[in-house]
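The structure appears below as structure tokens.
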Amino acid sequence: MTLHNHFHSFLDQVHREGRYRVFTDLERHAERPPHATWRSGGASRDVVVWCSNDYLGMGRHPAVIDAMVETARRMGAGAGGTRNISGDSHAVVALEAELADLHRKEAALAFSSGYVSNEAALGTIGWLLPNCLILSDEKNHASMIAGIRASGAEKRIFRHNDLGHLEALLQEAGQLRPKVIAFESLYSMDGDIAPIGQICDLAAKFGALTYLDEVHAVGLYGPRGAGIAERDGVMDRVAIIEGTLAKGFGVVGGYIAADAVICDAIRTAAPSFIFTTAMPPAVAAAARRSIAHLKRSVAERIAHRLQVEKTRRALSEAGIPMMSSQSHIIPVPIGDPGLCREASNLLLERFAIYVQPINYPTVPKGTERLRITPTPFHNDQLIDGLADALRKVWDRLGLPRETNVAPIPSLARLKPAA
């Protein structure tokens with residue numbers, strides 16, 4: 001067997017399991033969200049995107065684009081090198097100050113992506129703390145798992161959002177051992193939310209640091225868009241908050257916000273920070289503008305929540321099953337990789353609706369699903385069109401319909417503070 005045959009063998013198995021990933025060629029329209037041009041086989045077609053993580057459409061906001069264009073014209077397209085070699089771009093310094101203020105922390109540190117920020121921060125924290133034990137929620141993101149592994153620290157996994165199991169593990173570790181509790185605020189594939197305040201209670205009781213991933217919540221929750229911890233009034237109790245600039249804020253990049261000494265230690269020790277080219281000034285300026293806008297504007301969040309509620313109601317009335325979700329994410333279970341891919345293909349080819357199938361390893365085998373994420377720009381007509389298309393796809397594939405429809409979960413807690 002040649003070396004190339006090993007790659008062929010791997011890909012053949014992925015195809016047989018029905019989980020081969022197809023990346024759809026899309027050109028999003030800044031002037032007509034959520035529309036995009038789908039290009040395939042030399043042809044093009046207008047489609048509606050229903051699975052973007054640019055939840056509020058900030059990636060096409062005129063002020064954000066203006067900040068990016070103006071900064072690129074003034075400072076150039078690239079960063080010129082690492083921050084150590086080329087110096088700290090003022091645009092990045094200003095972004096980090098904006099992020100620290102957003103989360104009411106002493107400092108913040110920007111990275112090239114949310115994946116890198118988790119990997120670098122958890123990897124460094126676990127390495128620097130002697131005999132560190134990291135307690136990780138079983139549904140944590142792959143980037144958090146990668147960081148924990150890179151740290152070399154001992155890891156114990158607690159059952160998802162299970163406070164009793166977490167407390168038992170903390171009790172077993174003892175009071176004196178350095179401990180970090182790593183968890184997410186909003187779990188993006190299921191749409192459920194962590195009991196942050198109660199986890200902070202356990203951390204205080206057993207002397208542990210809390211590390212909170214807010215990537216799917218920043219921009220969307222809390223009176224200034226700082227996330228679920230801000231919404232729940234417990235942000236000051238979380239030691240390290242990690243977030244992204246690529247979802248609610250609509251740009252690209254990741255960050256942490258924490259005490260200055262923690263940020264400085266990670267800045268000094270994390271290889272993926274030290275040896276990676278810095279964020280381009282134009283990207284930093286665009287992200288900063290988006291954050292500043294969402295700190296003072298609640299219009300986007302209110303419009304978003306309204307369309308999420310309307311979408312849930314329309315799918316419920318159409319008999320489309322939905323997993324229980326406490327957030328803006330609407331998971332539609334299918335439970336088979338082949339059927340999930342076929343449902344996605346039918347939506348795209350017959351109804352010009354783009355919803356990417358979610359298969360293993362993103363979710364466990366047997367829990368394959370469509371993941372629908374409404375934005376403020378999905379109007380009532382588009383919502384009705386989605387519900388009708390899903391009803392027809394469900395009938396075509398013989399998928400089970402929801403007959404005893406549960407009440408639509410209230411999003412009242414998501415409303416901004418008065």
Practice problem: Might you check whether a residue that is touching a Leu at 6+ places or on another chain (Cβ under 6 Å), at pLDDT 95 or above and not hydrophobic (A, V, I, L, M, F, W, C) occurs anywhere in region 391-401? | Solution: no
Exercise. Check off (1) surrounded by fewer than 19 Cβ atoms within 10 Å (Cβ to Cβ); (2) over 23 Å from the mean Cα position of the chain (by Cα) for residue 170 and give me the number that stays unchecked.
Key: (1)
Quiz item: So which residues in region 5-44 are basic (Lys, Arg) and more than 16 Å from residue 382 (Cβ to Cβ), if there are any at all?
Solution: 16, 19, 21, 39
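Report whether or not residue 158 is open to solvent by less than 20 Å² (accessible area, probe 1.4 Å) and in contact with a His (Cβ under 6 Å, 6 or more places away or on another chain).
So residue 158 fits the description; yes.
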Exercise. Quick one: which residue in 28, 21, 74 is farther than 27 Å from residue 288 by Cβ and open to solvent by 80 Å² or more (accessible area, probe 1.4 Å)?
Key: 21
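The values are calculated or read from the model by the stated rules, or taken from the named source; none is laboratory data. These figures come from a predicted structure and were not determined experimentally. Neighbour counts run over all protein chains shown; Cβ positions are idealised from the backbone, glycine included. Surface areas here come from the heavy atoms of the whole protein model, side chains and all, with no ligands, DNA or RNA. Shrake-Rupley method; radii C 1.70, N 1.55, O 1.52, S 1.80 Å.
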